[in-house]
Amino acid sequence: MNALQLDVVALVSLVRSLFPVLTFQFSVSDTSLSSPRRLLSSSIPLNVTKPSTSKTMTRNSDLEKNSHAAYADLESPGDPNQHLQHLTPVGSVPYLVKSQFAKEMMAEFLATFVAMLFGLSCMTQVVLSSEASGNFVTIALCWGLAFFFGITVGGGVSGAHLNPAVTTTLALLKLLPWKKVPFYILNQVVAAYVAALFVYILYRPMFNEVDPDRMTTHIIFATFPHENVGNFTCFLTEFVATALLILGILALLDQHNRPIGKHAVPPAVGALVSTIAMGFAMNTGLAINPARDLGPRLFMLCAGWGSRVFSLNHYYFWVPIVAPIMGGAAGGFVYEVLIGYHHPEKNRGPHPEYRF
């Protein structure tokens, strides 16, 4: 036995003395170790022995049996989620929310937070870099993708409205109880506020360098009119743009018009948001969402921009709050009057698979 073999034997003996529960058998020439089926059986004790030069491997029969058992759920043609049931046993969860309403509120908060964090981060990069890190098209596409991911996060639980205009319109159409509306809107506004806080923390050094007096970066967090456009025109812009948003959402959810399937709704809504941004953003910067504007505007009030964020442009702040609510209601009314109400009575209403 040469010196190298003696060193290997000594090392194996040391490992076995330190970790007696780790016992496994292996062969240096065994190619089956590359198979996940062979490797993912951590509950089976294996025997540590001196490496063998043989090209065959002695495999414990229990290992083979339990490996097959571990993958039985993955290979069965039954419930595709069956293999996930053991991942989070109910008994191991420190808290378990049973209230459906509470679940909806948590999902709405998280979904709105995710969407706002993506969108506001993009706005920050573009503005602070003087468009070196993006441009108007970047912003429009990012907001669409932000809403796509936000709806994906919470759509199956709360419907992921992400927008008070959506929430109030659904309530007007009797697709959502009015008693839930204030809580939905509160979660949306708070989530947007928190998202603005996160963005500010992440980019604070750049804010201090580019705008130490907080005089020009207010356009990152809230919307303001173009210098040559009056508030009335801005109101009409937000009204029409939000009406198109709600009309488009109702069309996408109408299973008796041209259904696209529930899995296609999030990307379709994202594409709708990007399209509206590309067509209507010049006058106002495009809010079409009171929470997207009010939450970050309140954050700026608390973070050094001062009360001027509410008084600028003849107290413009009320326009991106009121106009989207009214425009959303108008868009919902138009769609229902011209299309929705004319479906056969037995087929009317949203598809039951949608949380809306």
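Of everything in region 213-229, what is crowded, with 20+ Cβ neighbours inside 10 Å and polar (S, T, N, Q)? Give them in sequence order.
Those that are crowded, with 20+ Cβ neighbours inside 10 Å and polar (S, T, N, Q): 217, 223.
Filter region 125-174 for residues that are of a type in the set (S, T, N, Q), at pLDDT below 95 and either crowded, with 24+ Cβ neighbours inside 10 Å or not assigned by TED's automatic domain parsing to the domain that holds residue 331 (or both) and give the result.
Answer for region 125-174, where residues must be of a type in the set (S, T, N, Q), at pLDDT below 95 and either crowded, with 24+ Cβ neighbours inside 10 Å or not assigned by TED's automatic domain parsing to the domain that holds residue 331 (or both): just 158.
Taking residue 295, is it crowded, with 22+ Cβ neighbours inside 10 Å, more than 28 Å from residue 213 (Cβ to Cβ) and either within 19 Å of the chain's Cα centre (by Cα) or free of Cβ contacts under 8 Å to residues at least 12 places away in the same chain (or both)?
Answer is no for this residue.
Return the pairs, sorted by first residue and then second, in which the second residue is charged (D, E, K, R), the first residue lies in region 214-233 and is within 19 Å of residue 295 (Cα to Cα), the beta carbons are less than 7 Å apart, and the residues are 6+ apart or on different chains.
217/211; 221/297; 222/293; 222/297; 223/293
Those residues that are of a type in the set (Gly, Ala, Ser) and closer than 22 Å to residue 340 by Cα, I need them from region 244-289; list them, please. Walk me through it before giving the result.
Here is the first cut: in region 244-289, the residues of a type in the set (Gly, Ala, Ser) are 248, 251, 261, 264, 268, 270-271, 274, 277, 279, 281, 285, 287.
Result: 248, 251, 261, 264, 268.
Taking the options 80, 94, 177, name whichever one is farther than 22 Å from residue 279 by Cβ, at pLDDT below 95 and in the same structural domain as residue 283 (by TED's automatic domain parsing).
177
Check 216, 237, 168, 242 and return the single one that is in contact with a Phe, Trp or Tyr (Cβ under 8 Å, 6 or more places away or on another chain), of a type outside the set (A, V, I, L, M, F, W, C) and under 30 Å from residue 303 (Cβ atoms). Give the steps one after another, and end with the answer.
Numbers: 216 fails: in contact with a Phe, Trp or Tyr (Cβ under 8 Å, 6 or more places away or on another chain); 168 fails: in contact with a Phe, Trp or Tyr (Cβ under 8 Å, 6 or more places away or on another chain); 242 fails: in contact with a Phe, Trp or Tyr (Cβ under 8 Å, 6 or more places away or on another chain).
After ruling out the rest, the residue left standing is 237.
For residue 260, work out the one condition from (1) within 24 Å of the chain's Cα centre (by Cα); (2) in contact (Cβ under 8 Å) with a residue 60 or more places away in the chain; (3) not in a helix (DSSP H, G or I) it doesn't fulfil.
Residue 260 satisfies all of (1) within 24 Å of the chain's Cα centre (by Cα); (2) in contact (Cβ under 8 Å) with a residue 60 or more places away in the chain; (3) not in a helix (DSSP H, G or I) except (2).
Take residue 106 and decide whether it is modelled with pLDDT of 75 or more, surrounded by 19 or more Cβ atoms within 10 Å (Cβ to Cβ) and part of a helix (DSSP H, G or I). Lay out the reasoning, then the answer.
Details: modelled with pLDDT of 75 or more: yes; surrounded by 19 or more Cβ atoms within 10 Å (Cβ to Cβ): no; part of a helix (DSSP H, G or I): yes.
For residue 106, the condition - modelled with pLDDT of 75 or more, surrounded by 19 or more Cβ atoms within 10 Å (Cβ to Cβ) and part of a helix (DSSP H, G or I) - is not met.
The values are calculated or read from the model by the stated rules, or taken from the named source; none is laboratory data. Only a predicted model underlies this, so the values are computations on that prediction, with no experimental measurement involved. Glycine also receives a Cβ, built like all others from the backbone with ideal geometry; neighbour counts cover every protein chain displayed.
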